[in-house]
Amino acid sequence: MRTPGMCLDAVRANSPLIHCITNYVTVNDVANVILACGASPIMSDDVGEVEEITSICSGLCINIGTLNVRTIESMKAAGVKAESLGHPILLDPVGAGASSLRTNTALDLMETIRFDAIRGNMSEIKTLIVGSGTTKGVDADAADAVTEETLDGAVHFLKEAAGRMHTILAVTGAIDLVTDGMVCYVIRNGCPEMGHITGTGCQLSGMMTAFLAANEEQKLQAAAAAVAAMGLAGETGRAHLAACEGNATLRNRIIDAVSLMDGQVLDAGARIEQI
Amino acid sequence: MRTPGMCLDAVRANSPLIHCITNYVTVNDVANVILACGASPIMSDDVGEVEEITSICSGLCINIGTLNVRTIESMKAAGVKAESLGHPILLDPVGAGASSLRTNTALDLMETIRFDAIRGNMSEIKTLIVGSGTTKGVDADAADAVTEETLDGAVHFLKEAAGRMHTILAVTGAIDLVTDGMVCYVIRNGCPEMGHITGTGCQLSGMMTAFLAANEEQKLQAAAAAVAAMGLAGETGRAHLAACEGNATLRNRIIDAVSLMDGQVLDAGARIEQI
Amino acid sequence: MRTPGMCLDAVRANSPLIHCITNYVTVNDVANVILACGASPIMSDDVGEVEEITSICSGLCINIGTLNVRTIESMKAAGVKAESLGHPILLDPVGAGASSLRTNTALDLMETIRFDAIRGNMSEIKTLIVGSGTTKGVDADAADAVTEETLDGAVHFLKEAAGRMHTILAVTGAIDLVTDGMVCYVIRNGCPEMGHITGTGCQLSGMMTAFLAANEEQKLQAAAAAVAAMGLAGETGRAHLAACEGNATLRNRIIDAVSLMDGQVLDAGARIEQI
């Protein structure tokens, strides 16, 4: 079984090309973190080219953060094509629960496309599983937080859903959970400050797609490795902040840390527990 | 009456969710500065969801920086809904005067929606008031600059217009003016280098919307507080620049400074005069 | 003949307004680097205003990085207008060869508009010249790399094509080539790490448009100067990286270096050979 570090090394060795249909808020960070972990991004959302673009790629990341009628069609076309080619496909249901358009689009995409992984915060994922959540915009509602107290219940809830949905569910927050329905990884990397900058979730989705594409035989381990890598980058980035440095510098330091990370560093820093 | 620092502390205490329909050039910085001041951003511009999204928010920021036919409809729909709910609404008329589409869209929005505040540079605001200005793209024309010499005339001009338009006008430049028609605040924070990075105006508009949402009883003070906070962050950011650091690092340091600022720091650094 | 430094100083002296129709991935960096070199950017892509916007500008940069059916029409309208006004126009054919839409759009734009310069990696430019290339997404294929071994052939190939196409071709990679068909400049500034962050090519295209607009009498020299300036900024940025700093900080340091660069620094650091 591949360690997290081996999963990262595989990304750097294979340098998979990742097709992203993603929001315009965090798209630059997503591109840069995909490059930082050793893969290559291509952003493309016109329905006239997404099938062709996804065909030359090794993975597809669909993020509905600033969805619109035009790009929703592109997401579907790209997803159907990528699935037909056997490429790993990831859904980031940003803001599911915050509007009917977002919830319905996410559900519609899940009916049309077989996602290898769905990554979001607990409120978003709950919305997709039970049809309702208490999303606060694009952030998880405090009531949905996974804590040491609610951990067992959350693991049970997600394992059951992942098994039923035949996908990997990756729920990130103070404690991160990654499960395929049989195994659940509990990951305790990261720092609270990551929630105060935009895009760490989107970045993780992009990077996770690269990890899936470079580790197709061990997707669950790859997804967990990406979560640990992002969290570890947050810890490293935070450790290097000077007194005058805050949110924006942390944002940069996280991508810096990913770009400087190798397998050995990730294996030493990953805090992953299997339950 | 709330001090600037009290206004900032109210943002951190209430953490209002701010709906932004904004340009794709500076959107990431806008999201990050809204988070940095203690609020939460959600970017959404599809007409199929903007009413629902704005309903779960506490304020709406409309920025026409990269407007298009699709998003103009969304701006109107969101604005009408937000107004019906009594949410503070801010307009940033980026580039008004640079094209008929921008000027007419801004004027049209002002006829359709009752804005609590309009923030721009003097050329943009002049265009909206007198129907013409000498905009140099998205930057103010030098002829429109508010200086110590032109200050009295500018204050008179803006107070009259704000009173007639029943809105707060916030004009930023070397000297910043914020007026509701009765009172005018003259703010002397900031540094010239802020004009050499893109997005400090857009960021201020996003942050000002958060200040308005968290201080609904004292909107004029809240608007002035946001202006002072942005300017102070520019001063702080500039003070921390090393010799090899220029525009891009300053951009980051400004957001850093906002994220590290508290009410006490803002009250100590704000240079606001009432006339 | 103007030195690279004189070309840069002309940008700072004239501060040309540059109209960009560019992708949403790197648009913020493009705006910031245009400001950093002393010019002013305006991003505008709605067909209802692009002709008017480009009329108040001094140069037009068209970048197809995230093209869509709506913006393709805007690119054409803006280009035709800018050409009628004699403004320098640059094409950045991002991802030409990666999809038919990109290749055909680039070729179609080249038939409709007379570009003063076309800047891309070798795979993109080859696609435009011979109708096919081996593009790896938005990055050049390794087989297309310009090395000391392939330099003579590449120079010959590009000179012939530039002469036939009546445009300046600027091909960037480990070794950069800029030719108008008669003269070819070989530029050896830059560092490999620039290829690991997104947007250095897009930024160069924006900055090159500013250089062309401020040096209309010596466009070939201006294009080469922009290439050298970007490369030198990369070298300077890399030299200032601390041990904990990686991709994201390098991205910032490059724009920092441009903002701090003057003509003297550029002339001292530019490594341009004419062949």
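The values are calculated or read from the model by the stated rules, or taken from the named source; none is laboratory data. Remember, predicted model here, so these are calculated numbers, not experimental data. When we count neighbours, we look across all protein chains shown, and the Cβ atoms used for this are built from the backbone with ideal geometry, even at glycine. When the accessible area is computed, the model is the full protein with side chains, heavy atoms only, and any ligands, DNA or RNA have been set aside. Shrake-Rupley method; radii C 1.70, N 1.55, O 1.52, S 1.80 Å.
Structural remarks
- Within region C:251-273, considering residues that are within 20 Å of C:Gly195 (Cβ to Cβ) and touching a Cys at 6+ places or on another chain (Cβ under 8 Å), the one nearest to the other protein chains (Cβ to nearest Cβ): C:Asp256
- Close pairs (7 angstrom Cβ cut-off, 6 or more residues apart or separate chains): more than 9 Å from chain C (Cβ to nearest Cβ) and among the basic types (Lys, Arg) in region B:228-250, assigned to a helix (DSSP H, G or I) and surrounded by 23 or more Cβ atoms within 10 Å (Cβ to Cβ) anywhere: B:Arg238/B:Leu250
- Residue that is farthest from A:Gly234 (Cα to Cα), among those in region A:184-199 that are away from every other protein chain (no Cβ under 14 Å) and out of contact with any helix residue (DSSP H, G or I) (no Cβ under 6 Å at 6 or more places or on another chain): A:Val186
- For A:Val11: the one exception among (1) open to solvent by less than 10 Å² (accessible area, probe 1.4 Å); (2) more than 9 Å from chain C (Cβ to nearest Cβ); (3) in contact with a strand residue (DSSP E or B) (Cβ under 7 Å, 6 or more places away or on another chain): (3)
- Positions within region A:177-197 being open to solvent by 10 Å² or more (accessible area, probe 1.4 Å), in contact with a strand residue (DSSP E or B) (Cβ under 7 Å, 6 or more places away or on another chain) and either touching a residue at least 60 places away in the same chain (Cβ under 8 Å) or not in a loop (DSSP other than H, G, I, E, B) (or both), in sequence order: A:Val183, A:Tyr185
- From B:Cys20, B:Cys37, residue being touching a Cys at 6+ places or on another chain (Cβ under 7 Å), buried (at least 24 other Cβ atoms within 10 Å of the Cβ) and under 28 Å from B:Ala270 (Cβ atoms): B:Cys20
- In region B:11-27 there is at least one residue matching the filter, namely being farther than 29 Å from C:Ile42 by Cα and touching a Phe, Trp or Tyr at 6+ places or on another chain (Cβ under 8 Å).
- Pairs with Cβ under 6 Å, 6+ apart, first in region A:127-156 and surrounded by 15 or more Cβ atoms within 10 Å (Cβ to Cβ), second modelled with pLDDT under 85 and hydroxyl-bearing (Ser, Thr, Tyr): A:Asp141/A:Thr134
- Residues that are assigned to a helix (DSSP H, G or I), away from chain C (no Cβ under 14 Å) and either surrounded by 17 or more Cβ atoms within 10 Å (Cβ to Cβ) or touching a Pro at 6+ places or on another chain (Cβ under 6 Å) (or both), drawn from region B:91-109: B:Leu109
- Only residues that are assigned to a loop (DSSP other than H, G, I, E, B), in contact with a helix residue (DSSP H, G or I) (Cβ under 8 Å, 6 or more places away or on another chain) and either within 7 Å of chain B (Cβ to nearest Cβ) or among the basic types (Lys, Arg) (or both) were counted in region C:45-56, giving 4.
- Set A:Asn23, A:Asn28, A:Asn32: member being in a loop (DSSP other than H, G, I, E, B), within 12 Å of another protein chain (Cβ to nearest Cβ) and polar (S, T, N, Q): A:Asn23
- Boolean, B:Pro88 is farther than 24 Å from A:Gly65 by Cα, away from chain A (no Cβ under 12 Å) and under 16 Å from the mean Cα position of the chain (by Cα): no
- Matching option when the condition is assigned to a helix (DSSP H, G or I) and away from chain B (no Cβ under 14 Å), among A:Ile125, A:Ile118, A:Ile62: A:Ile125
- Considering residues of region B:110-126 that are free of Cβ contacts under 8 Å to residues at least 60 places away in the same chain and over 13 Å from B:Val171 (Cα atoms) only, the residue surrounded by the fewest Cβ atoms within 10 Å (Cβ to Cβ): B:Glu111
- Residue among C:Asp152, C:Asp116, C:Asp180, C:Asp176 that is within 25 Å of A:Pro41 (Cβ to Cβ) and among the acidic types (Asp, Glu): C:Asp176
- Comparison of B:Ala210, B:Ala242, B:Ala222, B:Ala248 shows that the only residue that is open to solvent by 10 Å² or more (accessible area, probe 1.4 Å), aliphatic (A, V, I, L, M) and over 19 Å from B:Gly173 (Cβ atoms) is B:Ala242.
- Filtered by the rule that a residue be without any contact (Cβ under 8 Å) to a residue 40 or more places away in the chain, assigned to a loop (DSSP other than H, G, I, E, B) and open to solvent by 50 Å² or more (accessible area, probe 1.4 Å), region B:162-176 gives a lone residue, B:Ala174.
- Restricting A:Leu232, A:Leu220 to residues that are of a type outside the set (Asp, Glu) and closer than 28 Å to B:Val258 by Cα narrows the list to A:Leu232.
- Residue count for region B:198-207 under the criterion of being open to solvent by less than 10 Å² (accessible area, probe 1.4 Å) and of a type in the set (Ser, Thr, Tyr): the result is 1.
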